[in-house]
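Student: Please find one structure pasted underneath; my questions will follow.
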Amino acid sequence: MVSQSVAKKAKVAGETHQGPLDEVELWRSMVNNWKRLQHDTEKNLLRLGLTVAELRILRVLREQGSSPMNRFCAETMLSQPSITGIVDKLEEGGLVERVRSLEDRREVLIAITAKGNQAYAKGMDLHRQFVEKALSALEPDEVDMLVSLLKKLADASDAAVKAPEIPGAR
């Protein structure tokens, strides 16, 4: 059990916690720290007027070329309504444009513009510098361990979600 293996003094969400750490508190601490990382990432990119979601959509367009909007759902893990709003904002800023498919005129594709390519490049440079600075707090072996542990935890979380239904649940 996790709570038996966690040290008697553990940092949870910035506070010293006395006694064994239970699994829910450990999870809450991980989520809170992840939110801090996300918030700092957003704050960093906003210096260029970009959000993380906008940068993700620009990345997909750079890597895959013009795409229908429904492709962004799987690639960015965002909902269709969220993507529509983000694409609208990117289009207003001249970073993307809607174009008709040459193969099927009924299909509307999203294409990155030259201005979008420039914004993406600047955004990625800024993000790369931010990530390098943040990760410099860790030793190389700690980075490797972190990546391995996060993957292991994500795999276990996926398996838990796929577990059989709980009797008596709605």
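The values are calculated or read from the model by the stated rules, or taken from the named source; none is laboratory data. Small disclaimer: the values here were computed from a predicted structure and weren't measured. Counting neighbours? That spans all protein chains shown, and the Cβs are built from the backbone with ideal geometry, glycine included. The protein model used for the area step is the full one, side chains on, heavy atoms only, and it has no ligands, DNA or RNA in it. Shrake-Rupley method; radii C 1.70, N 1.55, O 1.52, S 1.80 Å.
Student: I'd like to check something: does segment 78-98 contain any residue that is of a type outside the set (Ser, Thr, Tyr) and under 20 Å from Leu37 (Cα atoms)?
Tutor: yes
Student: Cβ-Cβ below 9 Å, separation at least six or inter-chain, first residue in segment 25-36 and within 13 Å of Leu153 (Cα to Cα) and of a type outside the set (Val, Ile, Thr), second open to solvent by less than 70 Å² (accessible area, probe 1.4 Å) and part of a helix (DSSP H, G or I): which pairs?
Tutor: Leu26/Val2; Leu26/Ser3; Met30/Leu153
Student: Right, another one. Wholly within segment 40-109, which helices (runs of 4 or more DSSP H) include no fewer than the required count, namely at least 3 residues that are touching a helix residue (DSSP H, G or I) at 6+ places or on another chain (Cβ under 6 Å) and at pLDDT below 90?
Tutor: By residue number, 70-76.
Student: Same structure again: Can you name the residue in segment 87-131 that is open to solvent by 50 Å² or more (accessible area, probe 1.4 Å) and in contact with a Pro (Cβ under 8 Å, 6 or more places away or on another chain) and, of all such residues, is nearest to Lys43 (Cα to Cα)?
Tutor: Looking at the filtered set, the residue picked out is Val108.
Student: Oh, and also: I need every pair where a residue in segment 95-113 that is farther than 15 Å from Arg62 by Cα and among the acidic types (Asp, Glu) has its Cβ under 6 Å from the Cβ of a residue that is open to solvent by 80 Å² or more (accessible area, probe 1.4 Å) and part of a strand (DSSP E or B), sequence separation at least 6 or different chains.
Tutor: Short answer, once both residue conditions are applied: none.
Student: Got a number for residues in segment 125-140 being assigned to a helix (DSSP H, G or I) and either hydroxyl-bearing (Ser, Thr, Tyr) or in contact (Cβ under 8 Å) with a residue 60 or more places away in the chain (or both)?
Tutor: Residues in segment 125-140 being assigned to a helix (DSSP H, G or I) and either hydroxyl-bearing (Ser, Thr, Tyr) or in contact (Cβ under 8 Å) with a residue 60 or more places away in the chain (or both): 4 in total.
Student: Can you tell me which of Arg36, Arg28 is of a type outside the set (Ser, Thr, Tyr) and at pLDDT 95 or above?
Tutor: Testing whether each residue is of a type outside the set (Ser, Thr, Tyr) and at pLDDT 95 or above leaves just Arg36.
Student: Moving on to the next point. Could you tell me which residue of segment 26-74 is farthest from Gly123 (Cα to Cα), considering only residues that are open to solvent by 80 Å² or more (accessible area, probe 1.4 Å) and of a type in the set (D, E, K, R)?
Tutor: Arg28
Student: Considering segment 141-170 alone, what residues qualify as being within 30 Å of Leu46 (Cβ to Cβ), open to solvent by 70 Å² or more (accessible area, probe 1.4 Å) and either outside any helix (DSSP H, G or I) or not β-branched (Val, Ile, Thr) (or both)?
Tutor: Glu142, Leu146, Leu149, Leu150, Lys151
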